[in-house]
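Participant: I have a structure I would like to understand better, so I am pasting it below and will then ask my questions one at a time.
The values are calculated or read from the model by the stated rules, or taken from the named source; none is laboratory data. This structure is a prediction, so every number in the text was calculated from the model and none was measured. Neighbour counts run over all protein chains shown; Cβ positions are idealised from the backbone, glycine included.
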Amino acid sequence: MAQVEAPDMQQAELASEEARVAAIWRDKPGLWGFLTTVDHKRIAARYIVTTLALLIVAGILALDMRLQLSQPGMERMGPQRYNEAFSLHGSTMLFLVSVPVMEAMALWLVPLMLGQRNMAYPRLAAYSYWLYLGGVLMLWVPHALDVTPDLGWFEYPPLSGPTYSPGHRADIWAQMITFTEVAALAASVNVVATILKLRPPGMTLARMPLFLWAMLVTSLMTMLALPAVMLATSLLIADRLVGTQFFSPNAGGDVLLFQHLFWFFGHPEVYIIFIPAVGFISAIVETFSRRPLFGYTVQVLALISIGLLAFGLWVHHMFAVGLPRLGASFYTAASMAIALPVGLQIFCWIATIGSGRPRYDTPLLWIIGFIVTFVLGGLSGVMTASAPLDLQLTDTYFVVAHLHYVLVGGAMFPLFAALTYWYPKATGRMLSEWWGKVSFWLIFAGFNIGFFPMHILGLMGMPRRIYTYEEWTGWGTLNLVASGGVLIASAGASILVANALFSLRGGRRAGADPWGGSTLEWDCASPPPPHNFPATPVVESRTPLWRQEHAQAVMTGLSLKRREVLITSPGEAVPEYRQYSPGPSIWPLLSAIATGILFVGSIFTPWALVWGSIPVAVALIGWFWPRPVKEEPR
């Protein structure tokens, strides 16, 4: 069994063992290594690159729509093209960017924060990415073939039913949901298992970094919320393909059933996007304030409270559909109650900054920008949570403004902070601080110039999802200002991307811990080697790199002849046993391809579910077929 070594272990012996461990965990070279890798860092990097590329494309669509609305009577886009752009932008941002990029950050960071060498289920991580990529292709290949979904990012029946939406546009959207949500479920199960069973010795639940708590809560929420939207889209496909009547009122169905299932997922999704950002913010605020996070226990309880309350307020998206007033009152109260734990978190961050010695580098600027924009979005959210006021504001540009203040301010700003903060750890290079601040101020100013006027437009009565408007409405000036703000933000985003690309080779070299962080990921090299850590760290506090008075204590004993990880107890992180960690394999890719064939085929014929299950079964048998564990020679 593994043993705890003294901190002054011989460096020569450590270097020799690390070289042997690196050889075991290194991927095979070339294309085969690319296709078969199970390295959580490489998989997460693919996720992040894919989601950021889609973020850029979705941003271009948004810019295109804003140019269309910048002046009354514009004819650049007709109603069909505008509906397609709106649907593609919303579906990409909500399903292909916001949730997957948070999962990607978890795949990259969780093992590093745990001092581990990989996820609990490495091949499941690879499978989740390939399936997610299938969802990307499911939406964007039909767009290239001019079969773009055109009913929004929500596809409400009866408009998405067979009567009003012939062809396969609605089917494409529904199966894109299936691809991405199965991928998200696979990633979430992996994250939960890793956090609960692969924590290093000494890292009890009370010593976990806030980011790990955030991802644990997020993953559990994902596992509970995503089956609802998958059920909704599956029932929609059944209505369209085999003539069931789940959403047909004339045959005993109910269109509101779709909305209940969709929003039971849709509102927790807002917090599935936001809660990982809480983890980013806590780590960055702690590091740049140079003091432990204020109110750790309050933050953890707030995370759990948000995770529970998020499932009790989905109906505030449905106040205008004619539900009983008593029910609307309950969901109004629940919607306002969730502001309390969020407010406590913000006060804890402000207290940490105020009581520390803050260093206002670019990552912390993004966090301050988050606090400003998210508080504004939260205030407008409390307004729309009131049923009488929501009846006046629903389907106006006030809701568009609120949605973007919450999702961009509450998720994208912390994401940019996180990417800036962990960029040197991932690449070994520092971003330009000057250009980083320029991009922040342009994006922050452009975002507020672009979206704050939409509150006023909504109060003036401008409805959502219109492709043009008349001059007599008086909306032209504010729309022009909003479009100008989006252009400013786009310039800032271009600088942000250029800064990242240039710094890959031209940036100043970063050491292992360029920011002076407190958590374990800063204890390994930048960028991390294939095995992350030569030995499993032993944790003695919530801020292990700040509290230690000697070299980091480690636990040795893992095999030097095969891939192994240390399994610990869920509560106190007591070592239990060593577990073999599966190596590179082609079967996750083949399984994802087989699953994709089944999903795509089911758009055209129900028999695809029968015949498509055969290649899925073959791929899974190949994946789980028992094989002898290969050991490297000493």
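Here is a yes/no grid of residues against (1) of a type in the set (Lys, Arg); (2) crowded, with 24+ Cβ neighbours inside 10 Å; (3) touching a strand residue (DSSP E or B) at 6+ places or on another chain (Cβ under 8 Å):
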{"site": "Pro268", "(1), (2), (3)": "no, yes, no"}
{"site": "Ile272", "(1), (2), (3)": "no, yes, no"}
{"site": "Val278", "(1), (2), (3)": "no, yes, no"}
{"site": "Val285", "(1), (2), (3)": "no, yes, no"}
{"site": "Arg290", "(1), (2), (3)": "yes, no, no"}
{"site": "Phe294", "(1), (2), (3)": "no, no, no"}
{"site": "Val298", "(1), (2), (3)": "no, no, no"}
{"site": "Ala310", "(1), (2), (3)": "no, no, no"}
{"site": "His316", "(1), (2), (3)": "no, no, no"}
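Participant: Looking only at residues that are of a type in the set (Val, Ile, Thr) and assigned to a helix (DSSP H, G or I) in the stretch 160-180, which one is farthest from Leu133 (Cα to Cα)?
Facilitator: Taking the stretch 160-180 first, the residues of a type in the set (Val, Ile, Thr) are 163, 172, 177-178, 180.
From what's left, assigned to a helix (DSSP H, G or I): 172, 177-178, 180.
Details: Ile172: 15, Ile177: 12, Thr178: 12, Thr180: 8 Å.
So the residue we want is Ile172.
Participant: Would you mind telling me which numbered condition in (1) assigned to a loop (DSSP other than H, G, I, E, B); (2) farther than 26 Å from Ser439 by Cα; (3) at pLDDT 90 or above Trp472 fails?
Facilitator: All conditions pass for Trp472, except number (1).
Participant: I've got another one for you. Being under 24 Å from Pro292 (Cβ atoms) and surrounded by 14 or more Cβ atoms within 10 Å (Cβ to Cβ) is the filter here; which residues of the stretch 331-346 pass it?
Facilitator: Answer for the stretch 331-346, where residues must be under 24 Å from Pro292 (Cβ atoms) and surrounded by 14 or more Cβ atoms within 10 Å (Cβ to Cβ): Pro341, Val342, Leu344, Gln345, Ile346.
Participant: Of everything in the stretch 68-88 that's in contact (Cβ under 8 Å) with a residue 40 or more places away in the chain and within 24 Å of Gly134 (Cα to Cα), which residue is surrounded by the most Cβ atoms within 10 Å (Cβ to Cβ)?
Facilitator: Ser87
Participant: Please state which of the following conditions Gln116 fails to meet, knowing it meets all the rest: (1) in a helix (DSSP H, G or I); (2) among the polar types (S, T, N, Q); (3) touching a Pro at 6+ places or on another chain (Cβ under 8 Å).
Facilitator: Among (1) in a helix (DSSP H, G or I); (2) among the polar types (S, T, N, Q); (3) touching a Pro at 6+ places or on another chain (Cβ under 8 Å), the lone unmet condition for Gln116 is (1).
Participant: If you don't mind, there's one more thing I want to ask. Condition first: farther than 26 Å from Leu403 by Cα, of a type in the set (Ser, Thr, Tyr) and surrounded by 19 or more Cβ atoms within 10 Å (Cβ to Cβ). Now tell me which residues in the stretch 158-176 satisfy that.
Facilitator: The one that is farther than 26 Å from Leu403 by Cα, of a type in the set (Ser, Thr, Tyr) and surrounded by 19 or more Cβ atoms within 10 Å (Cβ to Cβ): Ser165.
Participant: Are there any pairs, at least 6 apart or on different chains, whose C-beta atoms fall under 6 Å, with the first in the stretch 509-530 and under 17 Å from Leu212 (Cβ atoms) and the second β-branched (Val, Ile, Thr) and part of a loop (DSSP other than H, G, I, E, B), and if so, which?
Facilitator: Ser518/Thr543
Participant: Please pick out the residue among Met215, Met223 that is within 30 Å of Val538 (Cα to Cα), hydrophobic (A, V, I, L, M, F, W, C) and part of a helix (DSSP H, G or I).
Facilitator: Details: Met223 fails: within 30 Å of Val538 (Cα to Cα).
From the options Met215, Met223, the qualifying one is Met215.
Participant: While we're on this one: So if I check each of Leu54, Leu94, Leu107, Leu131, which one is touching a Ser or Thr at 6+ places or on another chain (Cβ under 9 Å), part of a helix (DSSP H, G or I) and under 26 Å from Ala482 (Cα atoms)?
Facilitator: Leu54
Participant: Can you tell me which residues in the stretch 187-222 are more than 20 Å from Val285 (Cα to Cα), surrounded by fewer than 24 Cβ atoms within 10 Å (Cβ to Cβ) and charged (D, E, K, R)?
Facilitator: Scanning the stretch 187-222 gives a single hit, Lys197.
Participant: Given the criteria on the phi > 0 side of the Ramachandran plot, of a type in the set (Asp, Glu) and buried (at least 21 other Cβ atoms within 10 Å of the Cβ), does Glu155 qualify?
Facilitator: Criteria met by Glu155.
Participant: Here's a follow-up. Picking from Arg542, Arg563, which residue would you name as being within 24 Å of Leu210 (Cβ to Cβ), touching a Pro at 6+ places or on another chain (Cβ under 8 Å) and among the basic types (Lys, Arg)? Explain how you work it out, then say what you get.
Facilitator: Numbers: Arg563 fails: within 24 Å of Leu210 (Cβ to Cβ).
From the options Arg542, Arg563, the qualifying one is Arg542.
Participant: Please identify the pairs in which a residue from the stretch 457-472 that is at positive phi and in contact (Cβ under 8 Å) with a residue 40 or more places away in the chain has its Cβ atom under 9 Å from the Cβ atom of a residue that is among the β-branched types (Val, Ile, Thr) and not in a helix (DSSP H, G or I), counting only partners at least 6 apart or on another chain.
Facilitator: As it stands, the answer is Gly461/Thr396, since those pairs meet every condition given.
Participant: Which numbered condition trips up Ser70, out of (1) within 23 Å of Glu470 (Cα to Cα); (2) under 20 Å from the mean Cα position of the chain (by Cα); (3) hydroxyl-bearing (Ser, Thr, Tyr)?
Facilitator: (2)
Participant: Over 15 Å from Gly428 (Cα atoms) and either crowded, with 18+ Cβ neighbours inside 10 Å or at pLDDT below 95 (or both) - does that describe any residue in the stretch 496-512?
Facilitator: Yes, the stretch 496-512 contains at least one residue that is over 15 Å from Gly428 (Cα atoms) and either crowded, with 18+ Cβ neighbours inside 10 Å or at pLDDT below 95 (or both).
Participant: Filter the stretch 45-67 down to the residues that are of a type in the set (D, E, K, R) and surrounded by 18 or more Cβ atoms within 10 Å (Cβ to Cβ), then identify the one that is nearest to Thr180 (Cα to Cα).
Facilitator: Among those that are of a type in the set (D, E, K, R) and surrounded by 18 or more Cβ atoms within 10 Å (Cβ to Cβ), it is Arg46.
Participant: Inside the stretch 236-256, can you point out the residues that are in a helix (DSSP H, G or I), aliphatic (A, V, I, L, M) and in contact (Cβ under 8 Å) with a residue 24 or more places away in the chain?
Facilitator: Leu236, Ile237, Leu241, Val255, Leu256
Participant: Which of the residues that make up the stretch 456-469 are buried (at least 17 other Cβ atoms within 10 Å of the Cβ) and not in a loop (DSSP other than H, G, I, E, B)?
Facilitator: Leu457, Gly458
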